[in-house]
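Data block below; observations after.
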Amino acid sequence: MRITVLGAAAGGGFPQWNCNCRQCAGQRAGTLRAQPRTQSSIFVQGDHGADGVLFNASPDILAQIRANPVLQPGRARRDSAIAGVVLMDGQVDHVTGLLMLRERGAPLPVWCTDAVADDLTGGFPVLRVLDHFCGVQRHRISIDGTPFEVPGVPGLRFRALPLSSKAAPYSPHRDRPAPGDNIGLLITDTASGRTVFYAPGLGEISPAVFDAMHGADAVMVDGTFFTDDEMPALGLGHKTARDIGHLPQSGPGGMVEWLDRLPPATRRLLIHINNTNPILDQDSAANALLREHGIELCEDGMLIQP
Ligand code: MLT
Ligand code: MN
Ligand code: ZN
């Protein structure tokens, strides 16, 4: 399989439009060694065929499509390599780009859980808005582990795992988590048997999630925050990483500890990295720590072939 990282940043991107923290200001000024990143999304193709699956539709999708010609094979006057969209949650930074696909000539195939479909027809009704344009062909992702395929993308199979994270801030049930608010996806290349576990928002690693990570050839997981108190420590609100459903990398029970327990050959990648996260600064101690642990940071435009 071929995975193109379209965007590797968390909500707001890096640098964030209104942020003058040390990292955003330093990136803008060119005084910090750090790559800019757009909001997280990946495009997954089998080994053969141009069409693939878009995982999440970022607010930056139009720029991401322009930057990645693989998304525009140019076979017809109106064309796209996006055979369908799979949503991991209903977060603004993961679904707003759906509205940018409204010029399609046919209903957009969208896979999501019932909890996410409720939010996207209620609290943030993008699916209903799209009905006035290209329309949506919604497919249900079941959280009982039933695998699914996306027509037009042969050779790939997907299986969802419910995650403990958070519904989107606008969700009517933000404080009453429902199973299916957030999922991780196990992606299998059916020809090679190679697998990737993708979870850009991951608040807690349950035994089932760890099993999926342990069995995968590569994991692409939540890289939002380095420390639990990263935002409050910068004077940016009072909520911790865990409060908003993101497991921080450092500290006891943090992501680095979990990744250390995976088999040595597993490729470990972080995605959905917040602009405040010191790992973005290539000269930081946090960045060095990840390198010592064999953990990679996703970058926009990166091709991953597990
Ligand atoms: C998150 O990842 O926690 C959300 O994207 C937050 C947000 O919508 O700003
Ligand atoms: Mn986010
Ligand atoms: Zn910033």
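Here, each number is a calculation from the coordinates, and none is a lab measurement. Note that this is a predicted model, so its numbers are computed, not measured. Positions of Cβ are generated from backbone atoms using ideal geometry, with glycine treated the same way; all protein chains shown enter the neighbour counts.
Tell me, what is the FRET efficiency for R128 and D79 to the nearest 0.05, using R0 = 35 angstrom and their Cβ-Cβ distance as r?
That gives a FRET efficiency of 0.85.
In whole percent, what relative contact order does the chain give with Cα contacts below 8 Å and a gap of six or more residues?
It rounds to 20 percent for the chain.
Counting other Cβ atoms within 10 Å of each Cβ, which trypsin sites (Lys or Arg not before Pro) in the stretch 29-126 have at most 12 and sit in a DSSP loop?
Passing sites in the stretch 29-126 are R75, R77, R78.
Give me the log10 of I(q) over I(0) for the stretch 119-182 at q = 0.21 Å⁻¹, as the Debye formula computes it from C-alpha points; what are the numbers?
With no solvent term, the Cα-only Debye profile gives -1.02.
Got a sec? How would V95, V5, V70, V219 order by Cβ neighbour count within 10 Å, fewest to most?
With the sparsest Cβ surroundings first, the list reads V70, V5, V95, V219.
For A208 and S164 in one chain, what is 0.36 nm times their gap in residues minus the Cα-Cα distance, to one decimal in nm? Let's see the in-between values first.
On the way: separation 44, 0.36 × 44 = 15.84 nm, distance 1.13 nm.
Full-extension gain reported as 14.7 nm.
Using only DSSP helix segments of four residues or longer, with each worth -39500 (n - 2.57), what per-residue ellipticity at 222 nm results for the chain after dividing by its residue count and rounding to 500?
It lands at -4500 deg cm²/dmol.
So which residue, out of A106, A199, A160, gets the largest mean-square fluctuation from a GNM of the chain using Cα contacts under 10 Å as springs?
Maximum among the listed residues: A106.
Between G184 and residues 5 or more places away or on another chain, which pairs have amide H atoms under 5 Å apart, with H built 1.01 Å from N, and which residues are they?
HN-HN under 5 Å from G184: L161, L163.
GNM, the chain, Cα, under 10 Å: largest mean-square fluctuation among Q39, Q137, Q16?
Q137
Can you pull the one-decimal nm distance between simple spin-label points at L236 and R176, each 7 Å off the Cα toward Cβ?
3.1
Most mobile of L156, L108, L234 per a Gaussian network model of the chain (Cα springs, under 10 Å)?
L234
Calculate one ³J(HN,Hα) per residue across the stretch 193-202 by plugging θ = phi - 60° into the Karplus curve 6.51 cos²θ - 1.76 cosθ + 1.60, and present them in order as whole Hz with x for glycine and proline.
Each residue of the stretch 193-202 in turn: x, 5, 10, 10, 9, 10, 8, x, x, 9 Hz.
Can you give the charge dipole size of the chain about its Cα centre, rounded to the nearest 20 debye, using +1 on the beta carbon of Lys and Arg and -1 on the beta carbon of Asp and Glu?
Details: 26 positive and 32 negative charges, 157 e Å.
Using Cβ point charges on Lys, Arg, Asp and Glu, the chain gives about 760 debye.
DSSP loop (so not H, G, I, E, B), at most 15 other Cβ within 10 Å: list which chymotrypsin sites (Phe, Trp or Tyr not before Pro) in the stretch 38-133 pass both filters.
Listed in order of number, the matching sites are F133.
Report the extension gain between H293 and S192 in nm, rounded to one decimal, defined as 0.36 nm multiplied by the number of residues separating them, less their alpha carbon distance.
33.6 nm
Mind listing P(r) for the stretch 234-306? All alpha-carbon pairs, 5 Å bins, whole percents.
3, 13, 24, 26, 20, 10, 3, 1
Would you grab the residues whose amide H sits under 5 Å from the one on R267? Only those 5+ places off in sequence or on another chain, please, with H modelled 1.01 Å from N.
Hits under the 5 Å cutoff: A218, V219.
Going by a ≥ b ≥ c, the root eigenvalues of the Cα gyration tensor, does the chain fall in the rounded group (a/c under 1.5), the prolate group (a/b larger than b/c) or the oblate group? Let's see the in-between values first.
On the way: a/c = 1.35, a/b = 1.29, b/c = 1.05.
Rounded is the answer for the chain, as its axis ratio a/c remains below 1.5.
Arrange the following residues from fewest to most other Cβ atoms within 10 Å of their Cβ: I244, I141. Kindly include the intermediate steps, with their values, before the conclusion.
Values: I244 17, I141 24.
Going from sparsest to densest Cβ surroundings: I244, I141.
Only bridges whose two residues both fall in the chain count here: according to DSSP, what percent of them are antiparallel, nearest 5?
50
When all C-alpha to C-alpha distances in the stretch 103-224 are sorted into bins of 10 Å, what percent of pairs does each bin hold, rounded to whole numbers?
Pairs per bin, as whole percents: 13, 38, 35, 13, 1.
Give me P(r) over the stretch 1-133, computed from all C-alpha to C-alpha distances, binned every 5 Å, as integer percentages.
Here the calculated profile for the stretch 1-133 is 2, 10, 18, 21, 18, 14, 9, 6, 2, 0.
List D89, D281 from most exposed to least, where exposure is judged by having the fewest other Cβ atoms within 10 Å.
Exposure proxy ranking, most exposed first: D281, D89.
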